Structure formats: structure tokens, C-alpha cells
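The next block holds one structure in the form of C-alpha cells; read it before the comments.
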Amino acid sequence: MRIEKRRLGSLEKCYAVSLFRDGGRDHLLAASEKVNQCRVYGMDGTLESVVWDEPGGTMSLVPARDREGQFLASQRFYSPDDSKEAIIVSAVHEEDGWRVRTLAELPHAHRFDILEGRDKTRYLIACTVKSASEYDGDWRFPGKVYAAEFPADGAKEGENLDFAVLKEDMYRNHGYCRHRGRDGEEALVCSDEGVFLFIPPAKRGGEWTVRQIADMPVSDAVLWDLDGDGEEELLILAPFHGDTLAVCKWRDGKYEKVYEHPEKLGFLHAICPGYIGGTPCVYVGHREEKRDLGAVVADRETGYRLLVIDRDCGPANCVYYREDGVDKLLAANRETDEIAVYEFY
């Protein structure tokens with residue numbers, strides 16, 4: 001397999017990346033976790049516009065589903081200890097430039113998403129990493145998971161989204177991944193208490209289902225069928241900002257660890273499911289020591305193995321996509337201030 005890397009640009013402490021559509025074309029998004037820019041790139045890597053220069057502090061970038069030229073983002077989350085002024089904003093591309101407006105003030109909001117229920121009702125689900133912080137490293141106050149119905153025409157500035165708490169007492173509430181379950185979209189959320197699935201109501205006005213699928217401390221996780229047996233493995237990064245990469249299989253009514261990468265990987269953080277050269281994989285990256293970007297794949301002899309894609313890059317987040325029949329990965333290489341696209345042939 002041949003790997004090509006394109007460096008799109010340098011952005012101090014780039015953290016969040018995503019894709020969205022505008023003007024009938026796909027675009028790449030990248031934003032910083034510090035007081036710095038959010039940028040829009042063309043798929044060819046050309047810088048097309050700067051959405052904002054500040055305040056930054058962006059942990060999540062979420063396309064507005066079927067509305068072109070709009071995405072949602074978090075701002076003012078500069079670190080777990082400096083996030084009490086965190087907000088969720090909407091960015092809309094208008095004729096005279098970008099209009100950014102606040103949708104919700106949600107202290108310590110780290111991850112959020114727009115999920116669609118089986119009846120097509122849409123919900124904004126948001127996860128706070130903690131609920132308060134009085135000093136650096138203060139983890140005494142657990143985070144929560146919130147949800148609100150998201151209007152079909154998009155939330156308007158100042159509109160009350162009417163958040164309800166779905167779950168409390170989630171310490172180091174860090175990991176989030178949208179998951180496609182048998183009955184529709186679900187949210188996979190990770191904390192010290194384990195891994196949970198949040199399933200939207202079957203009908204508008206109904207109750208959310210919250211199901212715990214693992215009870216060990218986990219920083220981030222995805223569900224993805226790596227070995228092609230029709231059942232999804234649970235791949236975990238543990239514990240919080242930890243150094244252990246493991247794969248779990250569903251056995252006897254719970255997920256059991258069947259593989260642990262033999263090398264400790266400092267500050268595991270980036271994770272997303274996808275394909276590499278047509279093979280199912282989970283991309284992972286860590287931010288300390290070797291600071292590698294890699295891909296976990298199934299292996300007939302060893303069960304699973306980690307392919308190294310790039311070294312000394314320190315990815316914070318990444319997103320898989322496919323373009324013109326080629327598997328690609330957009331990565332925010334935070335530790336080297338680099339926005340990059342990897343192509344696999």
C-alpha cells in the first residue's frame with residue numbers, strides 16, 4: 001500500500017476537524033483549541049476562507065446535516081480546567097461572509113452532535129467533561145450528558161433548546177462517537193464509569209434509552225467490525241488520556257478484552273472508524289512520546305495489529321472519508337500544529 005500525505009497548513013494547536021458541504025461541493029474544516037482560527041479548505045487543499053479568528057477553544061465541528069453552508073461548533077473550551085464559558089455556536093456562510101451566532105451556553109461542553117431518531121426527529125446531544133472546576137486538575141465534579149430537540153429549520157439565536165439531562169455522575173466524560181446501530185443512530189459516550197450507548201426516542205416526545213456496554217474506565221471508543229464476522233468489536237483507548245489500546249469482543253452478554261497492544265502509547269486521543277486501502281480499520285493517534293498516527297486492523301495470525309501511518313505528528317482528532325474511490329483521512333496533528341490529509345492507495 002502506498003501512503004501520500006498532503007500538508008494543508010499550520011494552525012497552532014489544531015484540534016477539531018470535519019467535512020461539510022457548501023455551494024454544492026464538499027469542504028474540509030479545521031479549528032484550534034486555543035484562541036485561534038477556524039478554517040475552510042477545498043478538497044484540493046486550497047484555503048478558501050477563515051470562519052473566525054477567535055475565540056477558538058473548539059472541541060467539536062458538526063455539519064448541519066442536510067443544510068449546506070452551515071455547521072455547528074463548540075467554542076471557549078481551552079482545557080478541561082478552562083472551559084466554564086464554553087458555548088455551542090452556529091456558523092452560516094452568507095453572501096458577505098460568515099455569520100457566527102451562539103446557540104447555547106453550556107459550561108464545560110466538550111463533545112456534541114446532531115442525532116436523528118427513527119422518526120426523523122433531530123436532537124442535539126451534548127457531553128460536558130465535568131460540571132465545575134475550582135483549580136487545575138480538579139475532577140471532583142462529574143460531567144453530564146444533555147439532549148434537546150433540534151428544530152428542523154435549525155436553531156435560531158437566543159432560542160431555548162430546552163436541554164434535558166440524560167445521565168449524570170460521569171467523571172472525565174470525554175469520549176464521543178456517532179454510531180449506526182441496528183435501529184438507527186446512537187451516541188457512544190465514554191467516562192471513568194465505562195462506555196454507554198445513548199439511543200434517541202423511537203417517537204418524538206418519547207424517552208431516551210441509555211445502555212451501558214462496558215464498565216472499565218475508558219477515554220474514547222468506537223464500535224466497528226474489523227474482522228468481518230458481522231459483529232462489531234469495541235476498540236478502546238484507556239484510561240482517561242491513557243496509554244492502553246485494546247480490542248474487546250461481545251461474549252456472554254458483555255464485552256471482553258481479546259487484544260491489547262503490547263506497547264504503551266502515551267496520551268492516546270485520536271480515534272475514528274474507516275477503511276485503509278479497502279480494509280476495515282480504526283484510526284488512532286497519540287500525543288506524547290512517539291506521537292504516532294496508526295490504524296488498527298484484523299490479523300489472521302495475531303488477531304489484531306497496529307499499522308503505523310505517520311510518526312511524530314501527535315494527532316488530536318481525525319476523520320475518515322472516501323473521495324474518487326480513494327480512502328482518505330483528515331487529521332488535526334495538534335502537537336506539530338499541522339493540518340494534514342493522508343491518502344491510501
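The values are calculated or read from the model by the stated rules, or taken from the named source; none is laboratory data. In this text, all values refer to a predicted model and were calculated from it rather than measured experimentally. Here the Cβ is made from the backbone with ideal geometry for all residues, glycine too, and neighbour counts use every protein chain on show. Surface areas here come from the heavy atoms of the whole protein model, side chains and all, with no ligands, DNA or RNA. Shrake-Rupley method; radii C 1.70, N 1.55, O 1.52, S 1.80 Å.
Here are some notes:
- For segment 324-345, the set of residues classified as farther than 24 Å from K34 by Cα and out of contact with any strand residue (DSSP E or B) (no Cβ under 8 Å at 6 or more places or on another chain) consists of D324, G325, listed by residue number.
- Pair list, Cβ under 6 Å, 6 or more apart: segment 299-315 residue acidic (D, E), other residue outside any strand (DSSP E or B) and buried (at least 19 other Cβ atoms within 10 Å of the Cβ): D312/R291
- The single residue among R101, R118 that is touching a residue at least 24 places away in the same chain (Cβ under 8 Å), closer than 28 Å to R204 by Cα, in contact with an Asp or Glu (Cβ under 7 Å, 6 or more places away or on another chain) and open to solvent by 40 Å² or more (accessible area, probe 1.4 Å) turns out to be R118.
- Total residues in segment 212-231, condition crowded, with 20+ Cβ neighbours inside 10 Å and part of a loop (DSSP other than H, G, I, E, B): 3
- Any hit, segment 94-101, residues being modelled with pLDDT of 95 or more and on the phi > 0 side of the Ramachandran plot: yes
- Taking the conditions (1) surrounded by fewer than 21 Cβ atoms within 10 Å (Cβ to Cβ); (2) under 20 Å from the mean Cα position of the chain (by Cα) in turn, H286 satisfies each one other than (1).
- G181 meets all of the listed conditions (1) modelled with pLDDT of 95 or more; (2) under 22 Å from the mean Cα position of the chain (by Cα) but one, namely (1).
- Qualifying residue in segment 18-34 (condition: without any contact (Cβ under 8 Å) to a residue 40 or more places away in the chain and open to solvent by less than 10 Å² (accessible area, probe 1.4 Å)): yes
- Among (1) touching a residue at least 40 places away in the same chain (Cβ under 8 Å); (2) among the charged types (D, E, K, R); (3) over 27 Å from G117 (Cα atoms); (4) touching a strand residue (DSSP E or B) at 6+ places or on another chain (Cβ under 6 Å), the one test that K257 misses: (1)
- Residue under evaluation D292, criteria (1) open to solvent by 50 Å² or more (accessible area, probe 1.4 Å); (2) under 19 Å from the mean Cα position of the chain (by Cα), criterion not met: (1)
- Residues satisfying the criterion are present in segment 130-138 (criterion: under 20 Å from A86 (Cβ atoms) and aliphatic (A, V, I, L, M)).
- Residue that is most open to solvent (accessible area, probe 1.4 Å), among those in segment 295-320 that are in a strand (DSSP E or B) and β-branched (V, I, T): V308
- Strands (runs of 3 or more DSSP E) wholly inside segment 1-89 that include at least 2 residues being touching a helix residue (DSSP H, G or I) at 6+ places or on another chain (Cβ under 8 Å): 14-22
- Residue list for segment 35-68, restricted to those being of a type in the set (A, V, I, L, M, F, W, C), open to solvent by 40 Å² or more (accessible area, probe 1.4 Å) and more than 30 Å from P142 (Cβ to Cβ): L47, V50
- Conditions (1) modelled with pLDDT under 95; (2) open to solvent by less than 50 Å² (accessible area, probe 1.4 Å): number failed by F71: (1)
- Single residue of segment 184-212 satisfying the filter (within 20 Å of the chain's Cα centre (by Cα) and at positive phi) that is modelled with the highest pLDDT: G194
- Matching residues in segment 256-282 - criterion: being of a type in the set (G, A, S), surrounded by 15 or more Cβ atoms within 10 Å (Cβ to Cβ) and either more than 20 Å from D312 (Cβ to Cβ) or modelled with pLDDT under 95 (or both): G274, G277
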